[in-house]
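Visitor: Here it is: the structure, laid out below.
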Protein chains: 2
Amino acid sequence: MSGTRTELSTLGEFGLIDRITRNFSIHNPESVKGIGDDAAVIDTNADTYTLISTDMLLEGIHFDLSYMPLQHLGYKAVAVNVSDIAAMYGIPKQITISLALSNRFSVESVEGLYEGILAACEEYNVDLVGGDTTASRSGLVISVSVLGITEKNKIAYRNTAQPNDIVCVSGDLGGAYMGLQILEREKQAFLQSPDMQPELEGKEYILQRQLRPIARMDIIHELRELNIVPTSMIDISDGLASDMLHICRQSGVGVALFEEHLPIDAQTYDTAVEMHLDPSTCALNGGEDYELLFTIRQEDFEKVKNHADIFFIGYIHEAAKGTDLVTKAGSRIPLQAQGWVHF
Amino acid sequence: MSGTRTELSTLGEFGLIDRITRNFSIHNPESVKGIGDDAAVIDTNADTYTLISTDMLLEGIHFDLSYMPLQHLGYKAVAVNVSDIAAMYGIPKQITISLALSNRFSVESVEGLYEGILAACEEYNVDLVGGDTTASRSGLVISVSVLGITEKNKIAYRNTAQPNDIVCVSGDLGGAYMGLQILEREKQAFLQSPDMQPELEGKEYILQRQLRPIARMDIIHELRELNIVPTSMIDISDGLASDMLHICRQSGVGVALFEEHLPIDAQTYDTAVEMHLDPSTCALNGGEDYELLFTIRQEDFEKVKNHADIFFIGYIHEAAKGTDLVTKAGSRIPLQAQGWVHF
């Protein structure tokens, strides 16, 4: 290498991706959309586009096997990838799974992992069509790629939100983050006194949000039945604030989100208060909820206004008007992207 | 988990894959071919099939950064995936790359890795369309997925070899394995006396075979120009013997390979002798050459018989006649699959 050494931490994930991919250009006309959305878009000269997305989960970074059952991990690895296809308005079709394992795993534990993968494949109607299984010297690594399809005129990018669009979210936020806090708390308590029983009663919902998140294909199917194509969409993996900012920056627009409209489940709210955290901050920056964040035209509002699981949390305006949260007290604070897991 | 613990080593890679995937079935009619070939085959209702394959490379298992330059690693990660598309008679189109990095890597070293990825993308005319970049607590992990296409009537599976077909290989074998032996020898020598210069002179070819393997897309383009669709094909990643047995078992046929026809480069041969290894064994079991192993009909032989880089090493016969190597002395020994990297 050259003599210069720049630390990864100075760039962060998105800066690094920008820097290493700036020399890459698209050669094949079939590659309609490359890096920068939930999935890449490929034109196979059929009526539909092919979508592909990929995600890698590493032990010690993305999951902790001391509280993550392998069945749930298998399910989650598939669900988070399906969620990327949902965020393009697509229908998932196939997955491939690459797995690196060390000899501390038994055949039975790997079977447990695949039981979860199978359950998710059946839930989302996707076929496991390939993969790679290899040894690992340290932790478990799962890399999933997912293929999906969507009609060429029915695709939801991140960069197509328009002023006056209504900002929607499918289901409540902050639960996965609070579930993680509880799991970490109980892990620490267990490490200090291994005889103690974990206190998980009354936390079932938020634990499930963390351990077994759901890809919102139900919302995609409902929107398709209502003939609503969102003007933009992303799935909430990093957190509402961070993912909203992706849409705004890529679309060249601003947004006003209203704190009073943030959907927060009672269990999330109570646990946040119990742990001296602000529930709204958890909803804004928690991440890993895998709900869909999308924008719709005003004229589509009537069709979904009574939907039990779609929440209307703000509106898009011109970029110059900023990207703000309007608090319950009426003041405006700029949305802040949550810091990404540091190198 | 249940009370039983079965060690992964009792099953091996292929046994494990069989066991964990036996409960999976194909639900979508678009999924033409799933697990069991170099790539999965997907019908997007276009004139062509979409092919997808995936491979994961882990530091300490698949590569050793003490002698593997990151540029070469980036190139190799793409090339081995492109090779899987070649082995279906396909044309590669897009790749996604997931990368896990720890903070011991600098931005410059990651740029070096991507220089190699870019060089391979340009060489094979594929577009980088997506990926995932994440932190790692230990080593470097690269997971690549590749998409390709092929005409629906021009696809080469593993399970369609027929008796009387001629067995062909593109280029010489055993070089990548001998290159690895040299690199390991020099690493040990360096660890014992760090002042010693590595003895790599005269080993350039086999080092390149190990460090920067080439996907044989040139052979695919030539076969396409000659209008030859192989009756079966696989790329040689595990070793000639192991990969030949995949074709035979999946096609329900036997084979006779001739030791005297195994293509072995002089540098491979001489290095094997120097290290007291049998050159034929290195060619049969070495692995990682990423040459194409394929079968053609007798009537196609005339078109390629003078090709400088296609070697005719045997013929397919009925399964009952066995899967043998005919030695230079004229005796027959059953082909043995090389042991896979153990858990």
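Visitor: Determine Rg/Rh for chain B; Rg is computed over alpha-carbon atoms and Rh is the Kirkwood hydrodynamic estimate from the same atoms.
Guide: My calculation of the ratio gives 0.96.
Visitor: Here's something else I'd like to know. Just to be sure I understand the curve: with the Debye formula and one point per C-alpha of segment B:56-138, what is log10 I(q)/I(0) at q = 0.19, 0.23 Å⁻¹?
Guide: With no solvent term, the Cα-only Debye profile gives -0.86, -1.21.
Visitor: Give a residue-ordered list of calculated ³J(HN,Hα) values for segment A:85-100 (Karplus: 6.51 cos²θ - 1.76 cosθ + 1.60, θ = phi - 60°; whole Hz; x for Gly, Pro).
Guide: 6, 4, 5, 9, 6, x, 10, x, 10, 9, 10, 10, 10, 9, 9, 10
Visitor: Please identify the GluC sites (Glu not before Pro) of segment A:67-138 that satisfy two criteria: DSSP loop assignment and at most 13 other Cβ atoms within 10 Å. Which are they?
Guide: none
Visitor: Is segment B:9-82 rounded, prolate or oblate when judged by the Cα gyration tensor, a ≥ b ≥ c being the square roots of its eigenvalues, rounded requiring a/c under 1.5 and prolate requiring a/b larger than b/c?
Guide: oblate
Visitor: Cα convex hull of segment A:75-218: how many Å³ per residue?
Guide: For segment A:75-218, the hull spanned by Cα atoms encloses 165 Å³ per residue.
Visitor: So, one more: Counting DSSP beta bridges with both partners in segment A:33-181, what percentage is antiparallel, nearest 5?
Guide: Antiparallel: roughly 75 percent of the beta bridges in segment A:33-181.
Visitor: Normalized C-alpha radius of gyration of segment B:43-93, against 2.2 N^0.38 Å?
Guide: 1.46
Visitor: Over its Cα atoms, what ratio of radius of gyration to 2.2 N^0.38 Å does segment B:1-149 give?
Guide: 1.19
Visitor: Just from the alpha-carbon atoms, what are the Rg and Dmax of segment A:147-272 in angstroms?
Guide: Rg then Dmax for segment A:147-272, in Å: 18.2, 59.
Visitor: List the residues, sorted by chain then number, that are 5 or more residues from B:SER232 or on another chain and whose placed amide H is less than 5 Å from its amide H.
Guide: B:THR295
Visitor: According to a simple spin-label model (label point 7 Å from Cα along Cα-to-Cβ), what is the distance in nm between A:MET196 and A:THR10?
Guide: A separation of 4.3 nm, rounded to one decimal place.
Visitor: Let me ask something additional. Counting just the Cα atoms, what span does segment B:197-343 cover along each of its three principal axes? Round to the nearest Å and put the largest first.
Guide: Ordered largest first, segment B:197-343 gives principal extents of 52, 36, 36 Å.
Visitor: A further question follows. Which entries of A:LYS154/A:LYS305; B:LYS33/B:LYS152; B:LYS203/B:LYS305; B:LYS152/B:LYS305 show an alpha-carbon separation above 19 angstrom in the structure shown?
Guide: A:LYS154/A:LYS305; B:LYS203/B:LYS305; B:LYS152/B:LYS305
Visitor: Tell me, what is the percent relative contact order of chain B, built from C-alpha pairs under 8 Å that lie six or more residues apart?
Guide: About 21 percent, as a whole number.
Visitor: Moving on to the next point. Could you list the square roots of 5 times each eigenvalue of the Cα gyration tensor of segment A:4-46, that is, the equivalent ellipsoid semi-axes, sorted largest first and rounded to whole Å?
Guide: Values for segment A:4-46, descending: 29, 12, 5 Å.
Visitor: Would you work out the Kirkwood radius for segment B:113-197? I mean one over the mean of 1/r across all pairs of different Cα atoms, in Å.
Guide: Answer for segment B:113-197: a Kirkwood hydrodynamic radius of 18.6 Å.
Visitor: With θ taken as phi - 60° and the coefficients 6.51, -1.76 and 1.60, list the Karplus ³J(HN,Hα) couplings across segment A:179-184 in order, rounded to whole Hz; mark glycine and proline as x.
Guide: Along segment A:179-184, the couplings run x, 5, 4, 5, 4, 5 Hz.
Visitor: So what is the diffusion coefficient of segment A:23-64 in µm² per second by Stokes-Einstein at 4 °C and 1.567 mPa s, using a Kirkwood Rh over Cα pairs?
Guide: 105 µm²/s
Visitor: I'd like the per residue volume of the convex hull spanned by the Cα atoms of the protein assembly as shown, given in cubic angstrom.
Guide: So the per-residue Cα hull volume is 174 Å³.
Values quoted throughout were computed directly from the atomic coordinates according to the rules given, and no laboratory measurement underlies them. Just so we're clear, the structure is a prediction, and the values are computed from it rather than from any experiment. Cβ: placed from backbone, ideal geometry, glycine included. Neighbour counts: every protein chain shown.
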